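The values are calculated or read from the model by the stated rules, or taken from the named source; none is laboratory data. No experiment lies behind these values; they were computed from the predicted model shown. Cβ placement follows ideal geometry from the backbone for every residue including glycine, while neighbour counts extend to all protein chains displayed. Please note that ligands, DNA and RNA were not included when accessible areas were found on the heavy atoms of the full protein model with its side chains. Shrake-Rupley method; radii C 1.70, N 1.55, O 1.52, S 1.80 Å.
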Amino acid sequence: MKTILLKGEHRSEVGSRTSKGLRNEGKVPCVLYGTGGENVHFAVYQADFKNLVYTPNVYKVRIDVNGKSYDAVLQDIQFHPVSDVILHCDFLAVDASKKVVMEIPIRVVGNSPGVRAGGKMVKKINRLRVRGLIQNLPDYIDVSIDNLEIGQSAKVANVTVEGFEILDAPANAIVTIKTTRALMQAAAEARK
């Protein structure tokens, strides 16, 4: 899994008044949980979140706060309801010996006979929720559509992975090959 570095500055005061002041300076108030001791409160410039938040990829985050470094994952993020400005971020410190839960993006691979016959591929799920050690989690999970005909789906149960477990329901469809209107019209005309 790829890593992104965030440089933050320690916050001695917490609360809505200091958070509002930080946001006016272009910074995002953040907190890091799971460090074994107290939570670490820090602030990061809003622009530094561009490669972490506004991307379909998932990253491990190395947080540098006043010279002290932590490995973490983005746990929760809060946006302003109107302007979509980041209001607050929660990070969870990761330990190489403890399992974490993350959502990993899906990459569709292969060439479906159903699509070649005129069907339409519909992606129903973009990410799968998984649990495993951080070093075993991949950048993406491949879902093959090589055997899918029109009307068939690739389900979570069909995905085989090693080193971590998928938490989504096995019956959930990830990718479905649907019949198009043009194909239905052609079939109706053929019956006439």
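Looking across the stretch 112-132, the residues that are under 16 Å from the mean Cα position of the chain (by Cα), assigned to a strand (DSSP E or B) and among the aliphatic types (A, V, I, L, M) come down to LEU128, VAL130.
Inside the stretch 132-191, can you point out the residues that are β-branched (Val, Ile, Thr) and without any contact (Cβ under 8 Å) to a residue 40 or more places away in the chain? Full working, then the answer.
Here is the first cut: in the stretch 132-191, the ones β-branched (Val, Ile, Thr) are 134, 141, 143, 145, 150, 156, 159-161, 166, 174-177, 179-180.
Matches in the stretch 132-191: ILE141, VAL143, ILE145, ILE150, VAL156, VAL159, THR160, VAL161, ILE166.
Taken over the stretch 86-106, the criterion of being assigned to a loop (DSSP other than H, G, I, E, B) and in contact with an Asp or Glu (Cβ under 9 Å, 6 or more places away or on another chain) is satisfied by VAL94, ASP95, ALA96. In the set (1) within 25 Å of ARG131 (Cβ to Cβ); (2) in a strand (DSSP E or B); (3) out of contact with any helix residue (DSSP H, G or I) (no Cβ under 7 Å at 6 or more places or on another chain), VAL61 fails one condition alone, (3). Filtering SER83, SER69 for residues that are outside any strand (DSSP E or B) and of a type in the set (Gly, Ala, Ser) leaves a single hit, SER83.
Residues in the stretch 140-174 that are under 20 Å from the mean Cα position of the chain (by Cα), crowded, with 17+ Cβ neighbours inside 10 Å, assigned to a loop (DSSP other than H, G, I, E, B) and among the aliphatic types (A, V, I, L, M): VAL159 only.
Residue-wise test of (1) open to solvent by less than 70 Å² (accessible area, probe 1.4 Å); (2) hydrophobic (A, V, I, L, M, F, W, C).
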{"residue": "VAL73", "(1), (2)": "yes, yes"}
{"residue": "PHE91", "(1), (2)": "yes, yes"}
{"residue": "LYS98", "(1), (2)": "no, no"}
{"residue": "SER112", "(1), (2)": "yes, no"}
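Scanning for something in a strand (DSSP E or B), under 29 Å from PRO105 (Cα atoms) and of a type in the set (Lys, Arg), does the stretch 41-55 turn up at least one residue? Checking the stretch 41-55: not a single residue is in a strand (DSSP E or B), under 29 Å from PRO105 (Cα atoms) and of a type in the set (Lys, Arg). For the stretch 124-139, which positions are open to solvent by 70 Å² or more (accessible area, probe 1.4 Å) and within 11 Å of LYS2 (Cα to Cα)? The one that is open to solvent by 70 Å² or more (accessible area, probe 1.4 Å) and within 11 Å of LYS2 (Cα to Cα): GLN135.
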